[in-house]
């Protein structure tokens, strides 16, 4: 208060930095707070010290290994998502049968590899219950735990790169070790552990890269740049959450390049910088990402559960697919399954249910599963053709044909009089009439769009020929745009006749997926079809995005596994990792170390305010308390850590899909390092002596370790009555003892 | 106030700094510590301005009121808003998903014009003249409000520091925008909304002209005017809420500059902060609450829409729900069970059976909104148990198994492993009425009643079931599911009633029930404790109404043929057909010239901003012929406001129409005028004026071309 009074009077302001800085200023400064007498030492860059750093890293690694591996094989039950990542998906890789999943393949491939190493490839693990007694599940668990163990030394190294004091670097490693959630998640075979490891590796590399920016293009600089690119490629090949790390590095790079622009860096140098970053941070990760998919396609070369999500040409190349062998050239009288080229539209389908409005004739829909209601017989116009005895006649480009629904003998029909039920700009498509009636509204013209085969002769071939079906009377195109019908259409997709003459739109293109004609010999389709890796890659990504968005939670349903993003940083809803919570079960509970979670959250909320506070002080001319280089350090380290936290956390609010508490773990890692950074910052800026600083660090370490031990039974597995664990429930929402709404 | 370096010295300074090889922006605040966001124009209304204001108002009134009586039929959403005006006049309660102010204004206009509230605006195309409705009087209100936006535009442009020519051009553009004209000729909420939005931003621009003299009377006047108008805009339609981020962001920027300004003491800064908090948050909030209070005072009598509200709400209306029931529920009591969520009804059954594919074909259980005999259930002990009532009636404690017998049909409430009518989810089971004479029932008739919460003021309401006070769920122990209100409408064979089923793991939100009516037939004593709903306070009513509005807004999805997604608005892909008949029709379509050029102006601003950013980074001064400060601050603010009124729509799933773009359009029009000013600033005066005249003529021509459908 004194200083303010002094300032107002405009008299001698004393020994404050504020006035001595700008004595001639015509403004009078109003300091916000009294300044402490600073003892902060000039800021220095850390140098690698083999003996100290080496031994500290070794120590951290050993302690971490103990917590991650201690009795890791104790529970032989398939826990939490191990059913997917340790049994179901590796089964598919080992059987080499094609499947569909929302996650990219790298981590699953690694897990499969470790299962292959320990167990060979001739076993299918049932995805529920217990592991078979002769199966060495501990090996795979240890394998993924390695990634978890790596987290602690990485945290130490990252802090070292961010030029924190060695005490606090060590503290960062301890925090990572002492977080119960990080620990329990790395004790099971899940994708989160590799994801976390590669995220941490990306952060560590970018921090190292930042630290070598003064010696651009040196070997060390290249090393960290390439390592950053490598980790980004690996992390995004594990789970799409890894893309947030890509975003962090991207933003960092943009800022760096902008600074070069501001600094009048010569154009040639700037271009070299730009080129190096494009190669290392865009080309390299993309190559790794695509390589992981290339391996995925190469391994999965047999027909399996995921076939239907891919185009027919892809399916035809899988061993054992129904599409491998079929008649090649379509003849009149052939029975066809027609697939729309539009992803998600499915096969042309009809069933004996009527449209509720419009013409009220029989529905024609798109249906994604194989079914005899998808069978359509291709017929000539008029009745004068015997399909069993007359000579075979090819269906050619430009022919006018009729399509008969095999099960109901109704003809594919469209008319100008009625609008399609959902896409009201289009005409309705129905199944109507009998084959022997003559009705021009049943006539469709074949227009070949593309022939992806070695044989291109204007005939329709199974799988390889893409064609349009044009309704002769109304000149519209048979179209399927993956629009869902209301419940009366069983939520199948709408088929309409599109008046837009978009000849290239996938919605208007069709292929023959299955071809049945007993009079034509079957051939091996595999040499006939051509597929490209790029088109398969893109198609698979469209499907992954679709299935990801389809994971929508039911807001009325109590689900003790799901939780909303707002609750994560405050650790409101921890998760039981087992469905049954009885006395004899080994019970694992995914709860974080509350001390670490709550304090790190506080720091994440505080950092922007702190930044604003420092900015205001500087704006008001109170800047004497920074040690040389320290202000820059505060920004450089803080922006990576806080930015990483925000980028790994905030986007979840915008996601409609189901979210779980371990989606927060990457953000937590950043928050833990930010917490360490703030402790480091506090030690530097405070008046504490070196010894007191050591005491602060020790107290922090003891505190978190004590809390870790307190919750350790839930992390390492608890047998016996859960009631034995008294006082573990720190919030009323935790369901350690009982579940309020569970039934 | 020295945002940019003065022109003459800028280059010299830049070179100097280049020599010094500073490394700017490497640390958190190496940039010049000066306020950056706003230029304060100083405008006071002169007599010329006054004459021009009156002039543009006159033109605007003529344009808006020209042949206002055509068409003489109900057009588009006049269906709703004309009807609501009538309800205000009659005082009958209704529910609508928009806040009340604009509708009350129409009611007032209708009252003044002599509308008696009888005509019901039932469908588009009904004839006004035949019914003797004074619709012209009601349409005068939006027309006048629409006309007033034109002089307000003039004032806003002047307040932003532009000359008379640019201000006139801006008001002309607003005056001859076909979309705005159509909208303000009809009984629709958008005209009041646009009016209040325009006035808010005009007042805010005026406020900025007083920045040099803070805390004076005029300063306060314009600050409070901004707040009041903002409150009114939000009370007309929720779109008005987008003003808050726009004005909020500019305020935050301003306060951020002020906190760095060493000539302002912390106390004074705090005063600035508090003044804005009061003027821009507290005042609008108070205005919003005030209009709701007026709304509830006007609508004092119960009406059709009452069932949308909770029973506690309904009891506050005259002629509304007036429940008085026996408080205690005993074995043998007749009870009526209500789903405790708003907009629902009673657990119901009737002598019709389930007809869906995977169902049991047993008697239907539904939720029905009206109290009748078929909602009555009798509490009976669980299967194979008895309760001894010989010592007097026995209360029903929480956690006991019981059965509910439907009074009129005698069937028990029952659930079993069959799929319900409207879902194939394996977590949900069908509820049915089951049983017949001579059949004792089975354990699938048993439900466990678990009280979730009681009333604090009613002792024992958490231990024993009390009508109204105890909120409980009905848990089916065999299937581990609870009776659940799915809020889905059943098909015609179940009379379109609401589906009830039994759901596993459901949250209390839609599975909480209470007893609304209880009666013990064999009561021996006359003196029984009574229970009734506690009427809601004003705050609770406003809160409930707003929650319901949010819910209806979210669920407003449909397939209106003229609904349009936001990506198609700005370039005017198509309009909305409002009305058609006898050879002419009304089609909501903007003035394409204005829509396209205003969008281009907004995009241009973005480009200019980026270029300037890059130039500034290299310390290259670009003063844009002295226009930089004025253009960046004024167009910058209106582009921000435009973005706040446009971008959020992309995130909305509800059904949207092109008229949702109007507030943003007005902002874009101002940006257009400012851009034209910036582009022509360095041209000779004659050339500049002729450019303006050409633009105005083109706009008038296009307006004229489309005016026959306007």
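The values are calculated or read from the model by the stated rules, or taken from the named source; none is laboratory data. Bear in mind the structure is a predicted one, so any value in this text is a computation, not a measurement. All Cβ positions, even for glycine, are placed from backbone atoms using ideal geometry, and neighbour counts span all protein chains on display.
Quick look at the numbers
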quantity: Lone qualifier among B:484, B:533 - being within 23 Å of residue B:309 (Cβ to Cβ), within 11 Å of another protein chain (Cβ to nearest Cβ), in contact with a helix residue (DSSP H, G or I) (Cβ under 7 Å, 6 or more places away or on another chain) and surrounded by 15 or more Cβ atoms within 10 Å (Cβ to Cβ); calculated: B:484
quantity: For residue B:264: the one exception among (1) part of a helix (DSSP H, G or I); (2) within 14 Å of chain A (Cβ to nearest Cβ); calculated: (1)
quantity: Single condition residue A:113 does not satisfy, out of (1) without any contact (Cβ under 8 Å) to a residue 40 or more places away in the chain; (2) over 22 Å from the mean Cα position of the chain (by Cα); calculated: (2)
quantity: Among the residues listed as A:571, A:602, the single one being within 20 Å of residue A:650 (Cβ to Cβ), away from chain B (no Cβ under 14 Å) and assigned to a loop (DSSP other than H, G, I, E, B); calculated: A:571
quantity: Qualifying residue in the range B:612-623 (condition: farther than 30 Å from residue B:708 by Cβ and surrounded by 21 or more Cβ atoms within 10 Å (Cβ to Cβ)); calculated: no
quantity: Residue within the range B:495-513 that is within 17 Å of residue B:333 (Cβ to Cβ) and either surrounded by fewer than 18 Cβ atoms within 10 Å (Cβ to Cβ) or more than 11 Å from chain A (Cβ to nearest Cβ) (or both) present; calculated: yes
quantity: Identity of the residue in the range B:385-404, assigned to a loop (DSSP other than H, G, I, E, B) and in contact (Cβ under 8 Å) with a residue 40 or more places away in the chain, that ends up surrounded by the most Cβ atoms within 10 Å (Cβ to Cβ); calculated: B:396
quantity: Within the range B:514-530, considering residues that are part of a loop (DSSP other than H, G, I, E, B) and either touching a strand residue (DSSP E or B) at 6+ places or on another chain (Cβ under 9 Å) or at pLDDT 90 or above (or both), the one farthest from the other protein chains (Cβ to nearest Cβ); calculated: B:523
quantity: Residues of the range B:556-567 classified as within 14 Å of chain A (Cβ to nearest Cβ) and surrounded by 13 or more Cβ atoms within 10 Å (Cβ to Cβ), total; calculated: 3
quantity: Residue A:344 vs. criteria on the phi > 0 side of the Ramachandran plot, touching a residue at least 12 places away in the same chain (Cβ under 8 Å) and over 34 Å from the mean Cα position of the chain (by Cα); calculated: no
quantity: Residue within the range A:575-583 that is within 13 Å of chain B (Cβ to nearest Cβ), surrounded by fewer than 14 Cβ atoms within 10 Å (Cβ to Cβ), out of contact with any strand residue (DSSP E or B) (no Cβ under 8 Å at 6 or more places or on another chain) and within 30 Å of residue A:653 (Cα to Cα) present; calculated: yes
quantity: Subset of the range B:97-151 [part of a loop (DSSP other than H, G, I, E, B) and touching a residue at least 60 places away in the same chain (Cβ under 8 Å)]; calculated: B:97, B:98, B:99, B:100, B:124, B:125
quantity: Any hit, the range A:368-386, residues being in a loop (DSSP other than H, G, I, E, B) and at pLDDT 90 or above; calculated: no
quantity: Any hit, the range A:548-560, residues being assigned to a loop (DSSP other than H, G, I, E, B), buried (at least 16 other Cβ atoms within 10 Å of the Cβ) and away from chain B (no Cβ under 14 Å); calculated: no
quantity: Set B:546, B:553: member being modelled with pLDDT under 85, under 22 Å from the mean Cα position of the chain (by Cα) and surrounded by 14 or more Cβ atoms within 10 Å (Cβ to Cβ); calculated: B:553
quantity: Residue in the range A:717-737 that is over 21 Å from residue A:183 (Cα atoms), touching a helix residue (DSSP H, G or I) at 6+ places or on another chain (Cβ under 8 Å) and surrounded by 18 or more Cβ atoms within 10 Å (Cβ to Cβ) present; calculated: no
quantity: Residue in the range A:287-301 that is in contact with a strand residue (DSSP E or B) (Cβ under 8 Å, 6 or more places away or on another chain) and away from chain B (no Cβ under 14 Å) present; calculated: yes
quantity: Breaking point among (1) outside any helix (DSSP H, G or I); (2) at pLDDT 85 or above; (3) closer than 30 Å to residue B:563 by Cα, for residue B:652; calculated: (2)
quantity: Which listed residue, of B:445, B:426, B:417, is within 23 Å of residue B:356 (Cβ to Cβ) and free of Cβ contacts under 8 Å to residues at least 24 places away in the same chain; calculated: B:426
quantity: Residue identified as under 20 Å from residue A:523 (Cβ atoms) and either surrounded by 21 or more Cβ atoms within 10 Å (Cβ to Cβ) or more than 29 Å from the chain's Cα centre (by Cα) (or both) among A:352, A:356, A:285, A:312; calculated: A:312
quantity: Strands (runs of 3 or more DSSP E) contained in the range B:405-466 and holding at least 3 residues away from chain A (no Cβ under 14 Å) and within 41 Å of the chain's Cα centre (by Cα); calculated: B:428-434
quantity: Flag if residue A:234 is more than 13 Å from chain B (Cβ to nearest Cβ), buried (at least 16 other Cβ atoms within 10 Å of the Cβ) and either free of Cβ contacts under 8 Å to residues at least 12 places away in the same chain or over 16 Å from residue B:618 (Cβ atoms) (or both); calculated: yes
quantity: Of residues in the range B:204-213 being outside any helix (DSSP H, G or I) and in contact (Cβ under 8 Å) with a residue 60 or more places away in the chain, the one nearest to residue B:192 (Cα to Cα); calculated: B:211
quantity: Residue in the range A:126-137 that is buried (at least 22 other Cβ atoms within 10 Å of the Cβ) and either over 30 Å from residue A:551 (Cα atoms) or modelled with pLDDT under 90 (or both) present; calculated: yes
quantity: Residues that are within 14 Å of chain A (Cβ to nearest Cβ) and either without any contact (Cβ under 8 Å) to a residue 40 or more places away in the chain or not in a helix (DSSP H, G or I) (or both), drawn from the range B:220-255; calculated: B:252, B:255
quantity: Test result for residue A:450, in a strand (DSSP E or B), surrounded by fewer than 21 Cβ atoms within 10 Å (Cβ to Cβ) and more than 14 Å from every other protein chain (Cβ to nearest Cβ); calculated: yes
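Every residue, every condition in (1) surrounded by 19 or more Cβ atoms within 10 Å (Cβ to Cβ); (2) more than 35 Å from the chain's Cα centre (by Cα); (3) under 21 Å from residue B:573 (Cβ atoms), yes or no:
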residue: B:664; (1), (2), (3): yes, no, yes
residue: B:678; (1), (2), (3): yes, yes, no
residue: B:681; (1), (2), (3): no, yes, no
residue: B:700; (1), (2), (3): no, no, no
